[in-house]
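The values are calculated or read from the model by the stated rules, or taken from the named source; none is laboratory data. No experiment lies behind these values; they were computed from the predicted model shown. Positions of Cβ are generated from backbone atoms using ideal geometry, with glycine treated the same way; all protein chains shown enter the neighbour counts. Keep in mind that these areas ignore ligands, DNA and RNA; they rest on the heavy atoms of the full protein, side chains included. Shrake-Rupley method; radii C 1.70, N 1.55, O 1.52, S 1.80 Å.
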Amino acid sequence: MLTRLDLRFFKCFELLRLPLGFLTLLSGGNASGKSSVLHSLVLLQQTMREHEWSTRLLLNGASIRMGTVTDVVDKVNGRHTFEIGVVDDEHPYQWAFTGERSEMSMAIDRVTVGSVPNKHPEALRYLLPPEVDGAAMSLVHRLRGMTYITAERVGPREVYPLDDRQSVTVVGPAGEHAVSVLHQGRDEHVLAKLVLPDVPPTRLRQVEERMRMFFPGCGLAIQHVPQTNAVTLGLRTSTDTDFHRPIHAGFGLTQVLPIIVATLSATVGDIILIENPEVHLHPAGQALMGQFLTAVARAGVQVIVETHSDHILNGMRRSVREGVLPPDQIAIHFFRPRSPDMAQVISPQIDSAGNIDTWPDGFFDQFDKDANYFAGWGP
C-alpha cells in the first residue's frame, strides 16, 4: 500500500508530505490542489504504461494531458524542476524531473530507490533502474494497473467499444472502457469480501446487484453487435419494464457504473483514484457511495477519493462506526489555497465512533453556515 505521497515544486505545492490510507479522502475548495495529488500519480502511471523504457516523464498521454513544463511546475517557488516521491509500505522512491518551460515531457534528473540516488540515469525501465528488486516491481505493477476515473465520465451511448482485454484492463479515465471491461470479464469472480450474498459471485451479476443498491430495480443487459468490435448496453430501472437504451434510463446510472465496474474488477493491492464519485447522485446515494468505497478499501483495494460531498464523508464515517474499517486505515485531508498565514493542508482525524476531531473553516460546513444564517445566528 502507498503510505505517503511527497510533492516538491509540483503545481501549487512548494512541499507536500501527504499520508495515505487504505481509504483516503481529499476535500477542499476549488483550485486548492486536490486534483494535483491525483495527477502526480497518474503522470507516473501514464509514463510506465505508454513508454516502458523512457527516461522522460510523459506530461501528455492517454490518461491525462497536463500541457508543458510551465503548467506543472510551481509558479511561485519552482523554476523548471519538480519532484514526486512515494512511500510504498516502508520503501521510499523519489523522482526529480527537469525540462525547459515549453517542453511537453521532462527528463528524469534523479531516481532514488531507498537511500540510493541514481543521477542522470541513462537506462530506466518503468521509471526505475532495471536492476531493482521485487518490492520495486510490485510498486510498478500496482502503478501501471492503477485505475483513474475523472469527474467527466462518459454519458449514455448507443454503442460502446469492445476492446481487447490484453490491451485494455481498466475502465479508463472517463469510464469509456467500463462496458467492455464488464463484458469481457463478466464471468470472473470478484473479491470475496465484496461478494453480496444470494447472488452469483461473478462480475456481471455482482455489478448488477451493486447497481440495484443505488438504483432499485436496476438491470443490465450487454449484447455483442455482430461483426463489429462493439456492444450495446441495456438498462432498466424496474423489474416490471423491458431494457432501455441508456439515454432513457437516467444519467446517474452511467456515471456510477464505471466506479462499480472498476472496484469489482480490482484485486487485492490495486489502487483506484476517483474524482467526484457523487456526480449525478441523490444525497442518499452519495452517502451509500461513501459506505461502498469503505467496503472496497476493507477488501484490500487502496482507494483515493476527491470529493465535494459531505454525504460521501458521512457514509465513510458511518462505516467506521459500524466497524467496517478501522479509523487508522482512513486518511482525511482538507486543502486550502496557499497562504503564508495558514497551513495548506489540514488532516482531521476520525475515531472509532466516526467522530471528526477538528472542523476547519470550509470543511463541509456550508450547511451549518446556511442554517445559522436563516436562524439569524450568523452573517
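Taking a point 7 Å out from the Cα of Met213 in the direction of its Cβ, the residues of region 239-261 whose backbone N falls within less than 19 Å of it are 252-261.
Near Gly21, within a Cβ-to-Cβ distance under 11 Å, what is the net charge of the other residues, with Lys and Arg +1 and Asp and Glu -1? It works out to a net charge of 0. Fully extending the segment from Ser167 to Leu196, taken as 0.36 nm per residue of separation minus the present Cα-Cα distance, adds 7.5 nm.
For the chain, hydrophobic long helices are taken as DSSP H runs at least 20 Å long by C-alpha position along their axis with mean Kyte-Doolittle hydropathy of -1.0 or more; these are 34-50, 251-264, 283-298. Relative contact order for region 70-144: 18 percent, from Cα pairs under 8 Å spaced at least 6 residues apart, divided by residue count. Each part gets one Cα centre, and for region 199-253 versus region 270-296 those centres are 19 Å apart. Full extension of the chain between Asp368 and Asp351 yields a length gain of 3.9 nm, computed as 0.36 nm times the residue separation minus the alpha carbon distance.
Shown for region 310-379: the carbon plus sulfur share of the solvent-accessible area, taken with all protein chains present and a 1.4 angstrom probe, equals 51%. In this entry, region 230-379 is assigned a mean projected area of 13.3 nm², taken as a quarter of its C-alpha convex hull surface. Here is how the number arises for the chain: DSSP H runs of 4 or more residues each give -39500 (n - 2.57), the sum is divided by the residue count, and the result at 222 nm is -8000 deg cm²/dmol. Each residue was assigned an accessible area with a 1.4 Å probe, and for Asp164 the value is about 90 Å². Spread over its residues, the convex hull of the C-alpha atoms of the chain is 164 Å³ per residue. Think of the chain as having a plus end and a minus end, set by charges on the Cβ of Lys, Arg, Asp and Glu; of Thr169, Ile304, Gln344, Thr169 sits farthest toward the positive end of this dipole. For region 205-356, a simple Cβ point-charge model (Lys and Arg +1, Asp and Glu -1, everything else neutral) yields a dipole of about 120 debye relative to the Cα centre.
In Å², what does the accessible area per residue of the chain work out to with a 1.4 Å probe? Here the residues of the chain average 45 Å² of exposed surface. What a 1.4 Å probe finds exposed on region 235-292 is 54% carbon and sulfur by accessible area, rounded to a whole percent. Summarise the accessible area of region 84-216 (1.4 Å probe, protein heavy atoms) by the percent that is carbon and sulfur. The nonpolar share, carbon plus sulfur, comes to 51 percent. With each label modelled as a point 7 angstrom along the Cα→C-beta vector, the Glu100-His141 pair spans 4.1 nm. Taken one residue at a time, the phi angles of region 112-124 give Karplus couplings (6.51, -1.76, 1.60, θ = phi - 60°) of 10, 10, x, 10, 9, x, 10, 8, 6, x, 8, 9, 9 Hz. Gly and Pro are set to x. Overall, the chain carries a charge dipole of about 240 debye about its Cα centre when +1 sits on the Cβ of Lys and Arg and -1 on the Cβ of Asp and Glu, all other atoms neutral. When only Cα pairs below 8 angstrom with a gap of at least 6 residues are kept, the chain shows a relative contact order of 17 percent. For the listed peptides 295-303, 116-124, 190-198, a ranking on the average number of other beta carbons within 10 Å per residue, highest first, reads 295-303, 190-198, 116-124.
Taking Asn77, Asn276, Asn314 in turn, the Gaussian network model of the chain (Cα-Cα springs below 10 Å) assigns the largest fluctuation to Asn77. For the residue pairs Lys34/Lys369; Lys34/Lys119; Lys11/Lys34, alpha carbon separations beyond 19 Å are given by Lys34/Lys369; Lys34/Lys119. A straight line joining the Cα centroids of region 37-79 and region 309-340 runs 28 Å.
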